[in-house]
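Chemist: My questions all concern the structure below.
The values are calculated or read from the model by the stated rules, or taken from the named source; none is laboratory data. Just so we're clear, the structure is a prediction, and the values are computed from it rather than from any experiment. Reconstructed Cβ throughout: ideal geometry from the backbone, glycine too, with neighbour counts over all protein chains shown.
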């Protein structure tokens, strides 16, 4: 019997369908990191048999299912230790899904080579130094680089002294949004071509489905990990567009809900090389003097469709950081 070797499209479709289910599980883990996460529960989220799911997960991600859960938990805890210096270590451990502080301390030391309290002390010293440098950086880098074609600063003037807040950084209650997205796992810093390719792939799916109106569509780049904590091979970024809640997706594209909440939103007009200094200014200069702490939800870049319809090399972007008041 002759064998048919022309199965590449079918194989690609199956791979994308599997990847979409894995994305759904990753989203569930991220949204329920404090809860017990069992193989039974997660296999149901993925719609895979529990007898095969853990093998499929490792084959597609390179990590075991529970290795991924433990890594995300300990890295999220490390971020919390950085950003919330007054929170008790035990509370952070429990919030990130560890059974107790002893189990957390053991896992943390395995991952970072030091105790959580030592990590916090080391990072706090580095944050103070970065904050001192950031005031000069914000003016020398952000103001001079983030300008529109007329030479006007893209966002408001940056603060000259501690306590000054740029008018264009606002605390907003964002509504819930349904996002159709493509996820990439791996190194992405400074790779403008990667983002262009992902958006091109997403729009090739969205256009035939009439999800890109003439007035433009809101776009989102969501970052799930900390570049300074997560290894480059494990970094996750989701490239998405805002869609109606009932939008059906397929094996090419996944769907998630960005839940309503409080965000600090800073607007810039930015080219490919401008995002890093803008993000750095927010985290190193504005946030420490803002009276707010970042919470556990992912930060993202929001590109308003109606305002970017005629943009060329630069885009209007709101950098949105989930926050809560310092207690």
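Chemist: Report the residue count in the stretch 31-52 for those that are touching a helix residue (DSSP H, G or I) at 6+ places or on another chain (Cβ under 7 Å) and under 24 Å from residue 257 (Cα atoms).
Modeler: So in the stretch 31-52, the residues touching a helix residue (DSSP H, G or I) at 6+ places or on another chain (Cβ under 7 Å) come out as 33-34, 37, 39-40, 42-43, 45-50.
Then drop every residue that is not under 24 Å from residue 257 (Cα atoms), which leaves 33-34, 37, 39-40, 42-43, 45-48.
The qualifying residues number 11.
Chemist: Next up: Of the residues 237, 257, 323, which single one is assigned to a strand (DSSP E or B), surrounded by fewer than 19 Cβ atoms within 10 Å (Cβ to Cβ) and out of contact with any helix residue (DSSP H, G or I) (no Cβ under 6 Å at 6 or more places or on another chain)? I'd like the intermediate steps shown before the answer.
Modeler: Working: 237 fails: surrounded by fewer than 19 Cβ atoms within 10 Å (Cβ to Cβ); 323 fails: surrounded by fewer than 19 Cβ atoms within 10 Å (Cβ to Cβ).
Answer to the check: 257.
Chemist: With the structure loaded, tell me whether residue 213 is part of a helix (DSSP H, G or I) and either over 27 Å from residue 322 (Cα atoms) or outside the structural domain of residue 239 (by TED's automatic domain parsing) (or both) or whether it fails that test.
Modeler: Taking the combined requirement at face value, the residue does not satisfy it.
Chemist: Go through the stretch 221-257 and count every residue that is under 23 Å from residue 17 (Cβ atoms) and under 14 Å from the mean Cα position of the chain (by Cα).
Modeler: Counting residues in the stretch 221-257 that are under 23 Å from residue 17 (Cβ atoms) and under 14 Å from the mean Cα position of the chain (by Cα) gives 10.
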